[in-house]
Amino acid sequence: MKNQLALLLVIAFLGGTVEAQQGAYRQRGSQRPTMMNYSDSDLASMARRSLERDTTLSHEARNVNIKIRDGRAVLQGAISSPEEGDVLKKKVMAIEGVRDVQNNISIQE
């Protein structure tokens, strides 16, 4: 009971983010639920937070436009390297509930 309470407090402290929830499941040695029904708006918010928190990404990459409809994400904006575009796509695709990512990002010279 104490462990469960501590786990809930940690999740609440971290803002209840998907990353925190997934980490909590791993810590307990159980699998995360696979049928989470997030709205497109929720998915876009989770993707935005994931990019904003990654300080290895450039300012431009952290601020690309993310639109999600029916679990399909579209990334738009301009960044400085193709490698960053790959990282963005992987990070957004890692969000549970995102089924596909269309990368419409252009590379600035």
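Assorted remarks:
- As a calculated quantity, the FRET efficiency between residue 81 and residue 42 at R0 = 41 Å, using C-beta atoms, amounts to about 0.90.
- With K and R counted +1 and D and E -1, the other residues having a Cβ less than 9 Å from that of residue 71 yield a net charge of 0.
- Each Lys and Arg Cβ is given +1 and each Asp and Glu Cβ -1; about its Cα centre, region 40-107 then shows a dipole of about 100 debye.
No value in this document is a laboratory result; all are computed from the given coordinates. The model shown is predicted, which means the values in this text are computed figures rather than measured ones. Because the Cβ atoms are built from the backbone with ideal geometry, glycine has one as well, and the counts that use them run over all protein chains shown.
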